[in-house]
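Reviewing the structure listed below.
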Amino acid sequence: MLAARDWIAGAIMWCYQDYKSRRNLSPGLVEGFVEHGVVDEMRRPKPSYAAWKRLTAQARIEAQWTGAPVTALP
């Protein structure tokens, strides 16, 4: 979804793990887990974990200087 929007330059994962809370629950619930994370309350990966891991893999950049040698400053 993010890649389809050319005006989005980056993203931050807000919630890594599901957590127990009395807030932010479905209407009528007073206690339980907020299920917004990519891992559950026992830190077991959810289906979204693999997608997030793939999208946030480390980038590798290689560069080679092709100009004249740089001399040391005095």
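The values are calculated or read from the model by the stated rules, or taken from the named source; none is laboratory data. These numbers were taken from a predicted model, which means no experiment stands behind them. Please note: Cβ atoms are built from the backbone with ideal geometry, for glycine as well, and neighbour counts cover all protein chains shown. Ligands, DNA and RNA are excluded from the accessible area calculation, which covers all protein heavy atoms including side chains. Shrake-Rupley method; radii C 1.70, N 1.55, O 1.52, S 1.80 Å.
A few remarks follow.
- Contact map, region 51-64: residues that are without any contact (Cβ under 8 Å) to a residue 60 or more places away in the chain paired with residues that are open to solvent by less than 100 Å² (accessible area, probe 1.4 Å), Cβ distance under 6 Å, separation 6+ or inter-chain. Pairs shown: W52/V38.
- Across region 1-47, the qualifying residues are those that are among the β-branched types (V, I, T) and assigned to a loop (DSSP other than H, G, I, E, B), and the one among them that is modelled with the highest pLDDT is V38.
- Taking each residue of region 21-50 that is over 22 Å from M1 (Cα atoms) and looking for partners that are among the acidic types (D, E) and open to solvent by less than 50 Å² (accessible area, probe 1.4 Å) with beta-carbon atoms closer than 6 Å, six or more apart or interchain, yields F33/D18; D40/D18; E41/D18.
- Only listed residue being loosely packed, with under 11 Cβ neighbours inside 10 Å and either of a type outside the set (D, E) or in contact with a Leu (Cβ under 8 Å, 6 or more places away or on another chain) (or both), chosen from A11, A50, A63: A63
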